[in-house]
1. Checking Glu209 against (1) outside any helix (DSSP H, G or I); (2) within 18 Å of the chain's Cα centre (by Cα); (3) among the acidic types (Asp, Glu); (4) more than 22 Å from Asp8 (Cα to Cα), which single condition isn't satisfied?
2. Is it the case that some residue within segment 48-71 is in contact with a Ser or Thr (Cβ under 6 Å, 6 or more places away or on another chain) and either modelled with pLDDT under 85 or at positive phi (or both)?
3. Spot the failing condition for Leu164; the list is (1) within 18 Å of Thr138 (Cβ to Cβ); (2) more than 25 Å from the chain's Cα centre (by Cα); (3) among the aliphatic types (A, V, I, L, M), and only one is missed.
4. Can you name every residue in segment 145-160 that is surrounded by fewer than 23 Cβ atoms within 10 Å (Cβ to Cβ), touching a helix residue (DSSP H, G or I) at 6+ places or on another chain (Cβ under 9 Å) and within 22 Å of Gln218 (Cα to Cα)?
5. Just checking: which of the strands (runs of 3 or more DSSP E) contained wholly in segment 76-194 hold 2 or more residues that are in contact with a Pro (Cβ under 6 Å, 6 or more places away or on another chain) and at pLDDT 95 or above?
6. Among the residues in segment 232-246, are any closer than 14 Å to Glu116 by Cβ and in the same structural domain as Arg150 (by TED's automatic domain parsing)?
7. Identify, please: which residue in segment 240-252 is small (Gly, Ala, Ser) and over 18 Å from Gly183 (Cα atoms) and is, among those, modelled with the lowest pLDDT?
8. Would you be able to say whether some residue in segment 184-195 is under 20 Å from the mean Cα position of the chain (by Cα) and over 28 Å from Glu5 (Cβ atoms)?
Amino acid sequence: MTLTEIIDDVLERDYRLVVVGGVDAEGRELLESFFRAQGAEVAFEGEGGVDEEGDGDNRSISAETAVLYRDGARRADADVDSLTEYVRRDRGRFETNRTEPPLVAELTSGTTTIREQSRGQMLQGSRVIEHLAWQSKTGRLHGGFQRFSRFTKHIPTRNLYRRLGESGVDVHVHGVPNVEVEGSAGLSVHPHTEEDELRTTWFVVYQGEEDDAALLAQERSPDRYSGLWTFDGALTTEVRASVESQMSDAVE
């Protein structure tokens, strides 16, 4: 699959969250913001319980319960208050060691959707994955900067990637060569054309001895990125394979 196809496949998953019970205005805003960012439709059903329809499961949904559906099938339940409190603590954070409630884990499956995020938010997510590589000092890291000038102008990132290469990580930098970038110990440079989908794609992909992680998003409106952030091994492998299939020089 191309990178665009991978992104679209994740963003188009059909999830629906039904929240039953009295939820105050702040709680509604928190739940709507969090779950819609994950691509889920959110519905509030008032304070009484409701009966399910549509998937052959006739169990009622009791009050103060949130239920997640995928493609019409009931997948997970959660207490509304506990779920709201988790979202309140979690929103806007990129972490590798967070413990997700089963309902959230079912939604993300180790993968978080990204919708209309800023460059600052993307940098935050990138740093988490780059930190995994720095801790391991092994494995392979691909970084897509769209244009090489973004790599050279952001001095902290440039220095970090060169230090990662020197530490033992196999580092690969990708972008359109609008400025010159030289490789160094452990760091390889891969130019791409203006026609390549990598030109509009921000990605950081790392696979080491124990960790798999990928951040993949496209600039679909000016300075706003949509895509995914994952620790799923199979999905990370798929993203890496797509990146490497578009390189003019093969990487084994």
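1. The failed condition is (2).
2. Scanning segment 48-71 turns up at least one residue that is in contact with a Ser or Thr (Cβ under 6 Å, 6 or more places away or on another chain) and either modelled with pLDDT under 85 or at positive phi (or both).
3. Leu164 satisfies every listed condition except (2).
4. Selection gives Gln146, Arg147, Arg150, Phe151, Thr152, His154, Thr157, Arg158.
5. By residue number, no strands (runs of 3 or more DSSP E) qualify.
6. no
7. That would be Ser245.
8. For segment 184-195, residues under 20 Å from the mean Cα position of the chain (by Cα) and over 28 Å from Glu5 (Cβ atoms): absent.
The values are calculated or read from the model by the stated rules, or taken from the named source; none is laboratory data. If you're wondering where the values come from, they're calculated on a predicted model, not measured in any experiment. Don't worry about glycine lacking a Cβ; one is built from the backbone with ideal geometry, like all the others, and counts go over all protein chains shown.
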